[in-house]
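The following block contains the structure, expressed as structure tokens.
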Amino acid sequence: MDRYERIVLLHRLLRSARRPLPLARLIDELGCSRATVYRDIAYLRDALGAPIESGAGDAASFRYAEGDAAGFELPGFWLNSEELAALLALHAVVARADPGVLSGALAPFRARIERLLAEHAAGKAPPLGRIRVLAHGVRRLDEHVFRSVAAALLARQQLRFGYRARSTGSETRRVASPQRLVHYRDNWYLDAWDEDKDALRSFAVDRMRQVETLGARARDVPDADLDAVLAAGYGIFSGPPRAVAVIRFSAHAARWVADTHWHSQQEGRFLPDGRYELKLPYASSRELLMDVLKYGPDAEILAPLPLREEMKSLLALAQRVYEQAPRA
């Protein structure tokens, strides 16, 4: 039994006791030494503020003071070592994947966890260096913009912002009702109702500028409608699915592809020769083609024909580049 479990059990024993509990019984119930019981009682009383009083008589005994027992609870955030370690690991993922965005807000939270975990580990500092998070493709994000977007989303208020489209480089002013913040492939996106376009759109938060929170209340779009438009197709690009892609992978690649989550509505099957056939809906071909390209000759798009032809064109253009001498 670790210290967390002993403290919880000690609290329950003292709270339910109608008369002082003898030290011998506490030693038996907690399964520890006399000295450990005294240390746990001192910690419960001095660090956690429990209303512990000693019983009368020569033999040591303890109970909660009458009138105070009902109002005392163990402080919130009372977790065991494994739960604390898991929270620290989660914090490391967030802080290292989004440096500067959430790390400041979570700093007090992290410090509290570290103190609690150190208490569980007899004062030893938790080995956070053993948690390694490698972010991939993270784009620079303005912390002020992120906080403004998150605040408006939670307060259900409309936003006005400048948005520079990555595909064209042009900037427009938009008014939108925020619906969801989405963390996708190490970057943040805002699903919102575009008031000017009168339609649902996804905005890359790193492309948003000069964000203003307006007084108007944000329009609430039902979750089912959001999923039908923004989550039905493949990847982050919005729109209802326009087709179902059929992709066949080699037996070598099948070992990875079969264990990968591509889409909530994907269908996959192993073929008799060990190859793997995957079917998934998509609205925009750009992201899907890039993901298939990374498998090189181990992947082949079978259908639909326009998607297959688009892949052939990409491969032909790439081959043309490599047939030429490198440019200086």
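Please work out if Pro281 is under 22 Å from Gly233 (Cβ atoms) and under 26 Å from the mean Cα position of the chain (by Cα).
Criteria met by Pro281.
Give me the pairs, please: first residue somewhere in region 51-63 and of a type in the set (S, T, N, Q), second residue anywhere and open to solvent by less than 30 Å² (accessible area, probe 1.4 Å), beta-carbon distance under 8 Å, and either six or more positions apart or on two chains.
Every condition considered, the pairs that remain are Ser54/Ser61; Ser54/Phe62; Ser61/Leu21; Ser61/Leu23; Ser61/Gly55.
Quickly run through region 186-226 and pick out the residues that are part of a loop (DSSP other than H, G, I, E, B) and either basic (Lys, Arg) or over 24 Å from the mean Cα position of the chain (by Cα) (or both).
Correct list: Glu195, Asp196, Lys197, Asp198, Ala218, Arg219.
Any residue in region 254-263 that is touching a strand residue (DSSP E or B) at 6+ places or on another chain (Cβ under 6 Å) and among the aromatic types (Phe, Trp, Tyr)?
Yes, there is a match, as at least one residue in region 254-263 is touching a strand residue (DSSP E or B) at 6+ places or on another chain (Cβ under 6 Å) and among the aromatic types (Phe, Trp, Tyr).
In region 31-66, which residues are hydroxyl-bearing (Ser, Thr, Tyr), more than 18 Å from Glu5 (Cα to Cα) and surrounded by fewer than 14 Cβ atoms within 10 Å (Cβ to Cβ)?
Scanning region 31-66 gives a single hit, Ser54.
Tally the residues that are open to solvent by 20 Å² or more (accessible area, probe 1.4 Å) and not in a loop (DSSP other than H, G, I, E, B), restricting the search to region 254-286.
8
Still on this model: For region 287-328, give me each residue that is open to solvent by 80 Å² or more (accessible area, probe 1.4 Å), closer than 23 Å to Arg255 by Cα and aliphatic (A, V, I, L, M).
Once the filter is applied, which keeps residues that are open to solvent by 80 Å² or more (accessible area, probe 1.4 Å), closer than 23 Å to Arg255 by Cα and aliphatic (A, V, I, L, M), region 287-328 yields only Met290.
Something else now. Hey, can you tell me all the residues within region 146-161 that are of a type in the set (Gly, Ala, Ser) and open to solvent by less than 10 Å² (accessible area, probe 1.4 Å)?
Ala152
Now for a separate question. Open to solvent by 60 Å² or more (accessible area, probe 1.4 Å) and either closer than 24 Å to His263 by Cβ or at pLDDT below 95 (or both): is that true of Ser202 in this structure?
no
Residue under question is Leu9, and the condition is that it be open to solvent by less than 30 Å² (accessible area, probe 1.4 Å), assigned to a helix (DSSP H, G or I) and out of contact with any Pro (no Cβ under 9 Å at 6 or more places or on another chain); does it hold?
no
The values are calculated or read from the model by the stated rules, or taken from the named source; none is laboratory data. Computed from a predicted model, the values in this text were never measured in an experiment. Cβ coordinates were reconstructed from backbone atoms using ideal geometry, including for glycine residues, and neighbour counts include every protein chain displayed. With ligands, DNA and RNA removed, areas are computed over all heavy atoms of the protein, side chains included. Shrake-Rupley method; radii C 1.70, N 1.55, O 1.52, S 1.80 Å.
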